1. DSSP loop GluC sites (Glu not before Pro) in region 149-226 with at most 12 other Cβ atoms within 10 Å of their Cβ, which ones?
2. Let's see if you can work this out: charge +1 on each Lys and Arg Cβ, -1 on each Asp and Glu Cβ, no other charges. What is the dipole magnitude of region 16-236 about its Cα centre, in debye to the nearest 20?
3. Counting only Cα, what are the radius of gyration and maximum Cα-Cα distance Dmax of the chain, in Å?
4. For a quick check, take a GNM of the chain with Cα springs below 10 Å and name the residue from Asp180, Asp210, Asp153 with the largest mean-square fluctuation.
5. Exposed loop trypsin sites (Lys or Arg not before Pro) only (DSSP loop, at most 13 other Cβ atoms within 10 Å): please give the longest stretch of the chain free of them, not including the sites.
6. Exceeding 25 Å between C-alpha atoms, which entries from my cross-link table qualify? They are Lys47/Lys146; Lys148/Lys229; Lys56/Lys84; Lys17/Lys146.
Amino acid sequence: MSNRPDGRALDELRPLKITRGYMSNAEGSALIEMGETRVICTASVEKRVPHFLMGKGTGWLTAEYAMLPRSTHSRTQRETRGAKGRTQEIQRLIGRSLRAVVNLDKLGVHTLWIDCDVLQADGGTRTASISGAYIAVVDALAYMRKRKMIEDDLILDSIAAVSVGIINNEPRLDLCYAEDSAAEVDMNIVMTGSNRFIELQGTAEGNPFDQEEMDAMMVLGKQGIAQIKAAQETALAS
């Protein structure tokens, strides 16, 4: 029996489920569930681009992220006066990550709005948002092709993300909240389906980590992302 709160092996993902087309009104959507973390991801198509791209003939993708007030154990206040620092950081990460796998040059004068809304949070909400939003983006672009809004498949590669960390000197995959809050090292890994890195966010919350520990976390991260990629493929084939 492992020392993890939910009894998982150190290299085991939480139970993962992706429900494609979860929101009937969105051009693309998915509900992603990783353990007790649940996030609705939608992709909406808008026929305009930000001011800085006007006249350049290219499109844009941007993301917003929010947590419902009772997605956590105590009520989280709504950010009605604008996104706070953590929220801004997460939505920028989601947008950057997805832009890396979409050919925006061929999107035309369109913006893809990605909305990631956390229904329930138990760690890994930003990584779950990226993995779920990929499904929504694929379907939104398929929607556009079907209606002759774009000509080609603009997906350059798949994308998935997962958290890893070190707790009690043990590298662990896919941290739940209890682990995340106690981690000596916390890292988020974002990768493409061709095993290229988009982003690494790693911080020593306690003791600094060495190369051996870094390598162990990378092995776990790649393993977890491969499993998430397989779940994405299954969802897209349904």
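1. Those that pass, being in a loop and sparsely packed, are Glu151.
2. Result for region 16-236 is approximately 1240 debye, rounded to the nearest 20.
3. 17.9, 60
4. Looking only at Asp180, Asp210, Asp153, the biggest GNM fluctuation is shown by Asp210.
5. The longest uninterrupted stretch comes out as 85-146.
6. Pairs exceeding the cut-off: Lys148/Lys229; Lys56/Lys84; Lys17/Lys146.
FYI, it's all coordinate maths here, none of it is from the lab. Bear in mind that the values here come from a model prediction, so they are computed numbers and not experimental data. Virtual Cβ from ideal backbone geometry, glycine too; neighbours counted across all protein chains shown.
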